[in-house]
Amino acid sequence: MLHSLGLLTIIVYFQFNLSFSQGNELPYMTSDVKEVSGKLFDYIIVGGGTTGCPLAATLSQDFSVLLVERGGSPYGNPLVIDKRYYGFSLLQTDEFSSVAQSFISKDGVKNHRGRVLGGSSAINGGFYSRASDAFVERAGWDEELVKESYEWVESRVVFTPELTPWQIVFEFGLLEAGILPYNGYSLEHIEGTKVGGSVFDNWGKRHTSADLLEAGNPKNITVLLNATVKNIIFHTNDDAGKETETRAWGIRFIKSDGSSNKIHEAYLHRPKNSSPWGDVILSSGALGSPQILLLSGIGPQEHLKDFDIPLIQHLKGVGQGMQDNPCIALLVDKMPMNRLPEPPQVVGIADGLRFIIEAGVAPISFNASRMPIAAKIAFPVSRGKLELQSTDPRQNPSVEFNYLEKDKDMNQCVKMAELLERVAKSESIALFLGLKPQEKLMSSTDELRKLCKNNVRTYYHYHGGCAIGSVVDDDYKVYSVNGLKVIDGSTFQESPGTNPMATLMMLGRYQGIKLLRQRRDAPSNL
Ligand SMILES: Cc1cc2nc3c(=O)[nH]c(=O)nc-3n(C[C@H](O)[C@H](O)[C@H](O)COP(=O)(O)OP(=O)(O)OC[C@H]3O[C@@H](n4cnc5c(N)ncnc54)[C@H](O)[C@@H]3O)c2cc1C
Ligand SMILES: *[C@@H]1O[C@H](CO)[C@@H](O)[C@H](O)[C@H]1NC(C)=O
Ligand SMILES: *[C@@H]1O[C@H](CO)[C@@H](O)[C@H](O)[C@H]1NC(C)=O
Ligand SMILES: *[C@@H]1O[C@H](CO)[C@@H](O)[C@H](O)[C@H]1NC(C)=O
């Protein structure tokens, strides 16, 4: 006992020293809206999530940054940090303060999103896998900078997992079902069975994207927690003789706990002469970013009229094209047990990257968990939309994904469910669970179709609503207004293969570097 305590002290001391000697420190964080009210910043980032944190860290190298997050701090919160409580945050939700906010899409499918610094990387499975080369090519990104940005993320928050017995057995199940080749540990998105990275370290501690803030200039980031952005402040210049220009000047925000109706404001620095301006950047996620644009008067005119929101810019793509990858999950255990929760560590990538299969142990209550194997369709074609339900920014917008609406998706689902069944009924898994061979009968196509129709659920990779080419341009600037960008999962037309978190962390870093380069190259007087 004494001996192990001593060892623990040494480890803690060592870790502390290591981070201390690298000069890493978290930026200033406050939940006091008055401290930020009326202040000016070079950049204002709305949403301290998966993409917002690496973006803020990067921009702080040259500029002053305000990062506004509606939730609280992840530090010291066991629901976020402790792997033994993985999945518990999804069971403990309330309307305005829990770290996970639940929502039910109009399709009737239950879903979640993060509401804490670190965003959905603080409540998710932590499985880390890069996008495929084809995805990077389609996005038109600079391959070299993409690689550097992934590496920047990986050196800080990504770990090689030590496989649990269940993950090893699942791996055998995938191989037995023919998901080949075996690629071992790899961060690349390639066909076959592999072990991915994880944001959980091997001491069982989660590293959210908030940890990436330590890589920034702590003196130039202010993190405002527990504050919800209501809308963007615009200024329209209509001086005679000049072209009219609508530009984002700042943000309006309220306390997230609803204890006061007072609206506060923060502004972008307005450079004298004609030096370049900074931006307001929305990184509020696939539900949050389109919601804030709509609340700010940017979106389909008719929809804004229904809520008496003054029109700033008619932009019909806002909230359109929402997509969630359809998922089918099979429980392989016969009944709930009290196994410790396990995030996914292994993945099967099959059928030309079209199907993704993972397994874990998911808690269903505080002393019971189940063992699902879940598969997603990587490139569905059905799409839906997002609309406001209220003008309160703390309420969920309404969202509909139209899962499996198109025949193509339904046909793929049947094929995927068949593969899923082959994995779930593999001998390796049957042996592990002590099941008898006669239970191996496979379902008919009709049965699989029914399974898809009645059991479709989320893999939590929903995206869209501010898609590139319809709401933002290739520089992530919102069309027709200046000083306003959106950088997060709402800009994706398709989910990047396996799991989006890696690519969203990368994107925050990548776009931050691009902005720094553009500003360094820009002549200071145009
Ligand atoms: C349960 C679950 C499990 C998942 N598992 C995995 C996995 O294992 N691997 C993987 O790669 N992906 C996984 N994902 C998906 C992945 O986590 C998300 O796609 C990704 O984190 C989204 O990043 P984002 O930056 O777009 O948004 P988010 O990370 O959600 O960030 C948005 C942030 O904006 C804040 N915000 C929103 N509105 C406002 C406002 N008005 N004012 C102020 N702040 C606001 C939110 O609180 C949040 O912090 C999972 C997701 C969930 C929900
Ligand atoms: C913060 O950024 C500003 C640019 O707006 C810069 O002038 C200032 O020196 C930076 N401050 C620190 C402490 O790095
Ligand atoms: C911020 O919000 C979180 C979640 O609601 C809460 O636990 C925390 O106490 C709040 N912090 C402050 C300083 O208000
Ligand atoms: C969980 O606790 C409840 C109530 O204490 C008990 O009835 C149930 O059997 C427990 N479940 C498991 C899987 O241990």
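The values are calculated or read from the model by the stated rules, or taken from the named source; none is laboratory data. Because the structure is predicted, anything quoted here is derived from the model rather than measured. Here the Cβ is made from the backbone with ideal geometry for all residues, glycine too, and neighbour counts use every protein chain on show. Heavy atoms of the whole protein, side chains included, go into the accessibility calculation; ligands, DNA and RNA do not. Shrake-Rupley method; radii C 1.70, N 1.55, O 1.52, S 1.80 Å.
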Confirm whether Gly204 is open to solvent by 10 Å² or more (accessible area, probe 1.4 Å), more than 16 Å from ligand 3 (Cβ to nearest atom) and either of a type in the set (Gly, Ala, Ser) or under 24 Å from the mean Cα position of the chain (by Cα) (or both).
yes
Can you report the number of residues in the stretch 259-296 which are of a type in the set (S, T, N, Q) and either part of a strand (DSSP E or B) or within 25 Å of the chain's Cα centre (by Cα) (or both)?
5
The listed residue being away from ligand 2 (no atom under 16 Å from the Cβ) and open to solvent by 20 Å² or more (accessible area, probe 1.4 Å), out of Ser64, Ser31:
Ser31
Does the stretch 105-130 hold any residues that are more than 30 Å from Lys453 (Cβ to Cβ) and of a type in the set (Gly, Ala, Ser), and which are they?
Gly118, Gly119, Ser121, Ala122, Gly126
Looking for whichever is without any contact (Cβ under 8 Å) to a residue 12 or more places away in the chain and more than 16 Å from ligand 4 (Cβ to nearest atom) here; the options are Gly125, Gly108. Which one fits?
Gly108
Looking only at the stretch 238-258, which residues are part of a loop (DSSP other than H, G, I, E, B), modelled with pLDDT of 95 or more and open to solvent by less than 80 Å² (accessible area, probe 1.4 Å)?
Ser256
Do we find a residue being hydrophobic (A, V, I, L, M, F, W, C) and within 16 Å of ligand 3 (Cβ to nearest atom) anywhere in the stretch 41-63?
no
Inside the stretch 73-107, can you point out the residues that are closer than 17 Å to Thr228 by Cβ, of a type in the set (A, V, I, L, M, F, W, C) and open to solvent by 30 Å² or more (accessible area, probe 1.4 Å)?
Phe96
Any strands (runs of 3 or more DSSP E) falling wholly within the stretch 138-237 and containing at least 2 residues that are among the hydroxyl-bearing types (Ser, Thr, Tyr):
182-185, 227-237
What residue, among those in the stretch 297-327 that are among the polar types (S, T, N, Q) and either part of a helix (DSSP H, G or I) or under 30 Å from Leu419 (Cα atoms) (or both), is most open to solvent (accessible area, probe 1.4 Å)?
Gln301
Which members of the stretch 447-467 meet the condition of being open to solvent by 10 Å² or more (accessible area, probe 1.4 Å) and touching a residue at least 60 places away in the same chain (Cβ under 8 Å)?
Leu451, Asn455, Val456, Arg457, Tyr459, Tyr460, His461, Tyr462, Ala467
Inspect all residues belonging to the stretch 274-282 and state whether any of them is within 16 Å of ligand 2 (Cβ to nearest atom) and surrounded by fewer than 16 Cβ atoms within 10 Å (Cβ to Cβ).
yes
Output the number of the condition that Arg70 fails; it satisfies all remaining conditions of (1) open to solvent by 40 Å² or more (accessible area, probe 1.4 Å); (2) more than 17 Å from the chain's Cα centre (by Cα).
(2)
Find all pairs meeting these conditions: Cβ atoms under 8 angstrom apart; at least six residues apart or on different chains; first residue within the stretch 82-97 and within 12 Å of Ala122 (Cα to Cα); second residue of a type in the set (Val, Ile, Thr).
Ser89/Val80; Ser89/Val99; Ser89/Ile123; Leu90/Ile123
Identify all residues within the stretch 328-341 that are open to solvent by 20 Å² or more (accessible area, probe 1.4 Å), within 16 Å of ligand 4 (Cβ to nearest atom) and in contact (Cβ under 8 Å) with a residue 12 or more places away in the chain; write none if there are none.
Leu331, Lys334, Pro336, Met337, Asn338, Arg339, Leu340
Return a yes/no flag: does the stretch 39-49 have any residue that is of a type in the set (Lys, Arg), open to solvent by less than 60 Å² (accessible area, probe 1.4 Å) and touching a residue at least 24 places away in the same chain (Cβ under 8 Å).
no
Within the stretch 165-182, can you find the residues that are open to solvent by 10 Å² or more (accessible area, probe 1.4 Å) and under 10 Å from Val347 (Cα atoms)?
Glu171
Here is a check on your reading of the model: is Leu516 under 26 Å from Ile232 (Cβ atoms), open to solvent by 20 Å² or more (accessible area, probe 1.4 Å) and aliphatic (A, V, I, L, M)?
no
Counting residues that are in contact with a Phe, Trp or Tyr (Cβ under 8 Å, 6 or more places away or on another chain) and open to solvent by less than 40 Å² (accessible area, probe 1.4 Å), which strands (runs of 3 or more DSSP E) fully inside the stretch 348-430 reach at least 3?
355-359, 372-377
